[in-house]
Amino acid sequence: MMRYMIVPILLLASAAAMCQDNPPAGEIHASLVRGKKRSLIAYAGKDHSFTMEAVGKTVKPSDLPDFVNIDGLILQSTLLPVPDDINLRNLNPSREKDLLTKYMNFELDYYKKKLRQNYYKPGSELVTLKGRIYLLWYFDTPPNSKIKRQVYLSTLFFDQVLDLNIPIFTLNDFAKAKDTLEKLGNSLKVYNKRLDLALLSKQLNK
């Protein structure tokens, strides 16, 4: 089934994907490309790439590896491979929604059974942003956890799942986290080529 979720290191002392010395094969993190007037979260694959606009008063690398700080919220953008036995060639909106829901359920099951971490009050909603289907999902962590809620926005990206994740430390930030994720999803641009991130950085800093 799907690769397991990325759980921030503040929550588990190591992420689900970091509980080994090396990250799982196929797991990829997008990069922050900072510019003078705007910043992008970007990924350059062999055949497909994407960018997302990181909108905020302050956008900078986080103190946590592979996380980005957007106005005090820490965000991780991760690409995880879709299993080979799932045919993605003839997707329709209904099947795409089913796949994203199955992905969420698998991750929650892994979190509870394999990592032996409890979660509470899970919720989800399907959203369409610029014609692309996303699953916004979240759950609360145990009361003694420093992180109070995990919030995800997931979508299919060719043969991968693109996961955006924000851990929140106070429930008052939930609406802000949702808004940040949806702004990112709404700004997603996909390219059927490999982007030159060094060139992109130069263009953003002219």
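Bear in mind that the values in this text are calculations on the coordinates, not laboratory data. Since we're looking at a predicted model, the values are computed, not measured. Counting neighbours? That spans all protein chains shown, and the Cβs are built from the backbone with ideal geometry, glycine included.
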Subject >> For region 56-98, size of Cβ-based charge dipole, Lys and Arg +1, Asp and Glu -1, in debye >> reply: 220
Original post:
How high is the FRET efficiency from Arg116 to Lys146, r the C-beta distance, R0 22 Å, rounded to 0.05?
Top reply: 0.75
Original post:
Residues of region 127-141 with amide nitrogen under 19 Å from the 7 Å Cα-to-Cβ point of Val55?
Top reply: 127-136
Original post:
To the nearest 0.05, how large is the calculated FRET efficiency for Asn105 and Leu64 if R₀ is 22 Å and r is the Cβ-Cβ distance?
Top reply: 0.25
**OP:** Go ahead and run the numbers for FRET between Lys130 and Thr170, Cβ-Cβ distance against an R0 of 45 Å, rounding to 0.05.
**Re:** 0.90
